[in-house]
Every structure is written in structure tokens, then in C-alpha cells.
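Derivation of every value follows stated rules applied to the coordinates shown; laboratory data play no part. Bear in mind the structure is a predicted one, so any value in this text is a computation, not a measurement. Cβ coordinates were reconstructed from backbone atoms using ideal geometry, including for glycine residues, and neighbour counts include every protein chain displayed.
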Amino acid sequence: MNFETYPFEKLNTLLQDIVPNSEYSPLSLTIGEPQFATPQFILDALNQNASLLNKYPKTAGEAVLREGMLTYLQNRFDLTLDNAQIIPTFGTREVLFNFPQFLLHL
């Protein structure tokens, strides 16, 4: 069985011979990996809740996550959304890959 190459690997192959304009500084829009030490309060919270890491989260997102997302959007942007209007994901690549497929089936 041959699987289709992951889209971002295809993109890397397409771009491998392109030389960027040296007059500009590159802006990295790749994996959003933190480039700093994890803050202590996050390490403490992870340590206190490690017992919850015994299963994968629901694909649609846990209720507490979805509620937190809605609350954040309301508080930060005064944006009131319905639960069906948010999509929890594991990162931007998942969204960038799946969103065009979603639009094709509207």
C-alpha cells in the first residue's frame, strides 16, 4: 500500500530549490514550537494533573477545553460563538490540511 505524501512534505520538496531574496529577513511560519523554557506554573499544573494523561482526548475536544475556548474568545475579543462554531485541533497544520477539504463539501 502506498500512502500519499503528507502535503507539507510535498511543499518542502517543491520549495527546496528556491533561493529567498537575501534583502529580507526570513519569517518562520513553521511548527509553533516554543523557543523558551516552560513557565513554572505550567510545569506545576502538569505535575498536579498528570493522572489525567492516561487517555487520548476526544477528537471533538473535551467539554472543559471547548468551554475554555468559548470563554477566551468572549473575554479577549468580545466574540460570542456557539459550540458548533469552534474546532479544537492539535495544531495549525491539521487545520491548514483539513480546512480546504471541509470547504469542498459545503
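Some observations on this one:
- Qualifying residue in region 59-71 (condition: within 28 Å of Phe97 (Cα to Cα), hydroxyl-bearing (Ser, Thr, Tyr), loosely packed, with under 10 Cβ neighbours inside 10 Å and touching a helix residue (DSSP H, G or I) at 6+ places or on another chain (Cβ under 9 Å)): no
- Count of region 72-90 residues which are closer than 26 Å to Pro7 by Cβ and surrounded by fewer than 10 Cβ atoms within 10 Å (Cβ to Cβ): 1
- Counted residues, region 1-58 - those being among the acidic types (Asp, Glu) and more than 24 Å from Leu96 (Cβ to Cβ): 2
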